[in-house]
Protein chains: 2
Amino acid sequence: MAKAMARTAADTTDTTSPQGRIRRENVERILKAAERVFAEAGFAGATMADIAERAGLPKANLHYYFGTKDELYRAVLDNILRMWLAPIDSFTPDADPSVALTAYVIAKMEASRTRPHASKVFANEILHGGNQVERFLAEDLKSLVDAKAGVIDGWVAAGRMAPVDARQFLFMIWAVTQHYADFDVQIRKVLGRRSLTRQDFAAMTAEVLRMVLRAAGLPEPEIPITPTDSVPSNL
Amino acid sequence: MAKAMARTAADTTDTTSPQGRIRRENVERILKAAERVFAEAGFAGATMADIAERAGLPKANLHYYFGTKDELYRAVLDNILRMWLAPIDSFTPDADPSVALTAYVIAKMEASRTRPHASKVFANEILHGGNQVERFLAEDLKSLVDAKAGVIDGWVAAGRMAPVDARQFLFMIWAVTQHYADFDVQIRKVLGRRSLTRQDFAAMTAEVLRMVLRAAGLPEPEIPITPTDSVPSNL
DNA sequence: GGAAAAGCTGACTGTTCGGTCAAGAACTGA
DNA sequence: TCAGTTCTTGACCGAACAGTCAGCTTTTCC
């Protein structure tokens, strides 16, 4: 109950405050370890001891920075949600549908490749009722989808892409791209691969893109996809 | 350690044996309750007490039929896996791609509608490493996918559908259709619906089908989809 | 250099949960 | 009817776990 206790999850957001170097570093280490453990074991299956071990810190230290397991979990989720919304910015009324869709699919596939744990934590949360993200879904995400569905409807009305139910179309993109992170085990086993390389992802991305563009009634790109290694990460 | 203890999960499979009526009924009740609780809470988050309460039986009774929580979980998974493979039977070399794909997508969407808990339990298992289904994935499912990919490749080679990577195409169908069970919370919140009715599912199925057929370069169906209520369930 | 603040942590606690057990009730078949 | 089998269940146990805390060290800032 020391005064320091008051500085917890919420402060993670505040990257401008002059919080100590030590605090910042440790919070980051803990969040990184927690994201991984929560992804692998789910909220209930994860233990503070596991997370502590992965972070290389004693368990009591976690409780110093994050009062409770719940608080730590919410901090991990916050981190993930903030990242979730960004890449769809490419959807604007004036944008070329092909270009916007291509950029979006590539960004989502890159997210699945580079931050699979984040995707899994989110999937796990939704799967088990999403109580922790109810507000996010019903407000932030809904607003975004409403807006972007409007953009897509505009594209359709202008004859720039085939008629689709904009919301279902977005669901399809999410489902397919996130599948490569969330169901990686299944994909690897079915393909008989031990792991999915960057090359694998490049090929899968190209194929997903092809199918998505076809579903939108758009011509397939001539240029092959070259994945970059630069994906902004706030973790 | 009574002799009866030996009759556990494995017997669930054997529906022909003249096992007692009471046993059969209770095993079924427990499996049904367990599927639901495991779906809602995951393996670690589910408690035997929760399952017992949902089944309307004392906890010790569960341990009489299923020795351990692990054993019960495996029985639930077994039940689900058996169901997983069936609907893709419509993929045969001589079948019409449009008809086969339509039947498959409808079957998968119906599974998501009528057995969402099963889908969630499976998703949860894969999400957390799939240790319990490793053999299923690497053997049964891989064989099936290899075979059906061959069928699809044949369709493509015969010019009966657009060129696709058969395996990625199957992943897409799985991802999209299962998404409606696994991510139902997200879908409901984004659409602003309290629940998804049969009519909602009919509309979503039609849209998914349209996108899948387009992705396969096939003409869209003239006839609207009319969902049936008859989905075989072995639970 | 020194005092206050921030950070650290081993040892501990209360609770929850999977699993056990022994004694009895209900069912079965001859 | 009766013996054997199957089924039932409250009470209990040990392990695992989240969370606490008091006393300590390190850092910060004047």
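So which of B:29, B:21 ends up being open to solvent by 80 Å² or more (accessible area, probe 1.4 Å), near DNA strand D (Cβ under 10 Å from one of its atoms) and at pLDDT 95 or above?
Just a single option satisfies the conditions, and that option is B:29.
If residue B:121 satisfies all but one of (1) touching a helix residue (DSSP H, G or I) at 6+ places or on another chain (Cβ under 6 Å); (2) within 16 Å of DNA strand C (Cβ to nearest atom); (3) more than 27 Å from residue A:188 (Cβ to Cβ), what's the number of the condition it fails?
In the conditions (1) touching a helix residue (DSSP H, G or I) at 6+ places or on another chain (Cβ under 6 Å); (2) within 16 Å of DNA strand C (Cβ to nearest atom); (3) more than 27 Å from residue A:188 (Cβ to Cβ), residue B:121 misses (3) alone.
Could we say that residue B:44 is surrounded by 20 or more Cβ atoms within 10 Å (Cβ to Cβ), among the hydrophobic types (A, V, I, L, M, F, W, C) and over 20 Å from the mean Cα position of the chain (by Cα) here?
No, not satisfied.
Select, from B:121, B:176, B:105, B:133, the only residue that is touching a residue at least 24 places away in the same chain (Cβ under 8 Å), at the interface with chain A (Cβ under 7 Å from one of its Cβ atoms) and open to solvent by less than 20 Å² (accessible area, probe 1.4 Å).
Numbers: B:121 fails: at the interface with chain A (Cβ under 7 Å from one of its Cβ atoms); B:105 fails: at the interface with chain A (Cβ under 7 Å from one of its Cβ atoms); B:133 fails: at the interface with chain A (Cβ under 7 Å from one of its Cβ atoms).
Every option except B:176 fails the conditions.
So residue B:185 fits all but one of (1) surrounded by fewer than 22 Cβ atoms within 10 Å (Cβ to Cβ); (2) over 19 Å from the mean Cα position of the chain (by Cα); what number is the exception?
Of the numbered conditions (1) surrounded by fewer than 22 Cβ atoms within 10 Å (Cβ to Cβ); (2) over 19 Å from the mean Cα position of the chain (by Cα), the odd one out for residue B:185 is (2).
Does residue A:156 fit the bill of being at the interface with chain B (Cβ under 8 Å from one of its Cβ atoms) and either open to solvent by 10 Å² or more (accessible area, probe 1.4 Å) or β-branched (Val, Ile, Thr) (or both)?
Answer is no for this residue.
Each row is one residue, and each column tells you yes or no for (1) among the β-branched types (Val, Ile, Thr); (2) within 21 Å of the chain's Cα centre (by Cα); (3) within 16 Å of DNA strand D (Cβ to nearest atom).
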{"position": "B:55", "(1), (2), (3)": "no, no, yes"}
{"position": "B:61", "(1), (2), (3)": "no, no, yes"}
{"position": "B:67", "(1), (2), (3)": "no, no, yes"}
{"position": "B:70", "(1), (2), (3)": "no, yes, yes"}
{"position": "B:81", "(1), (2), (3)": "no, yes, no"}
{"position": "B:95", "(1), (2), (3)": "no, no, no"}
{"position": "B:98", "(1), (2), (3)": "no, no, no"}
{"position": "B:113", "(1), (2), (3)": "no, yes, no"}
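Test each condition in (1) touching a Phe, Trp or Tyr at 6+ places or on another chain (Cβ under 8 Å); (2) among the charged types (D, E, K, R); (3) at the interface with chain A (Cβ under 9 Å from one of its Cβ atoms) for residue B:146 and report the one that comes out false.
Of the numbered conditions (1) touching a Phe, Trp or Tyr at 6+ places or on another chain (Cβ under 8 Å); (2) among the charged types (D, E, K, R); (3) at the interface with chain A (Cβ under 9 Å from one of its Cβ atoms), the odd one out for residue B:146 is (1).
Can you tell me which residue among B:108, B:189 is more than 26 Å from residue A:117 (Cα to Cα) and not in a loop (DSSP other than H, G, I, E, B)?
Checking each option against the conditions leaves just B:108.
The values are calculated or read from the model by the stated rules, or taken from the named source; none is laboratory data. Quick caveat: nothing in here was measured; it's all calculated off a predicted structure. FYI the Cβ positions are ideal-geometry reconstructions off the backbone, even for glycines, and counts take in every protein chain you see. Surface accessibility is based on the protein's heavy atoms, side chains included, excluding ligands, DNA and RNA. Shrake-Rupley method; radii C 1.70, N 1.55, O 1.52, S 1.80 Å.
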